[in-house]
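Encoded as structure tokens, here's the structure I'll be asking about.
Since every read-out is calculated from the coordinates, none of them should be taken as a lab result. These numbers were taken from a predicted model, which means no experiment stands behind them.
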Amino acid sequence: IMSEPFIFIGSYQVKPGHLEEARHRIREVSALVEEREPQLRSFHFYLDQARERVICVQIHPDAESMATHMAVIANHLATAWDWLELGSSTQQVLGVPPRVLIDYARKYDEDLITYPTFVAGFTRDVTERAVR
């Protein structure tokens, strides 16, 4: 039996005047994750057209990988609200979220929408093509 993937999609409002800091911090956390989390299948950030909201898309092999991820980026999480608007996030979780994510969402009053039941699907093993 294959363990089901865990997918996280989080959207956050960038504080006015903090776009360049946001870009810098996003690149920092992306480099950290790439270096320290080889299990992660995909980890990407995007800005909306107005350059006011950032979205993060993560594809983990399982929910335990998400718990590991939160530990790896703990320092980043501790200061993220310096440049992101607290209470502005929406988060969608595909799979059963680990307790650490539920607790974090509750602590910061984040909207955590969960789709816990995996029905069907597959993951292709493709050659890594990094986009920078």
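What share of the DSSP beta bridges in the chain is antiparallel, in percent to the nearest 5?
Here the antiparallel bridges make up roughly 80 percent for the chain.
How large is the helix-only mean residue ellipticity at 222 nm for the chain, computed as the sum of -39500 (n - 2.57) over DSSP H runs with n ≥ 4, divided by its residue count, in deg cm²/dmol to the nearest 500?
-10000 deg cm²/dmol
With only alpha-carbon atoms counted, please give the Rg and Dmax of the chain, in Å.
Reported Rg and Dmax, both Å: 14.7, 49.
Moving on. Cα axis of helix 63-72 to longest principal axis of the chain: angle in degrees, 0 to 90, nearest 10?
30
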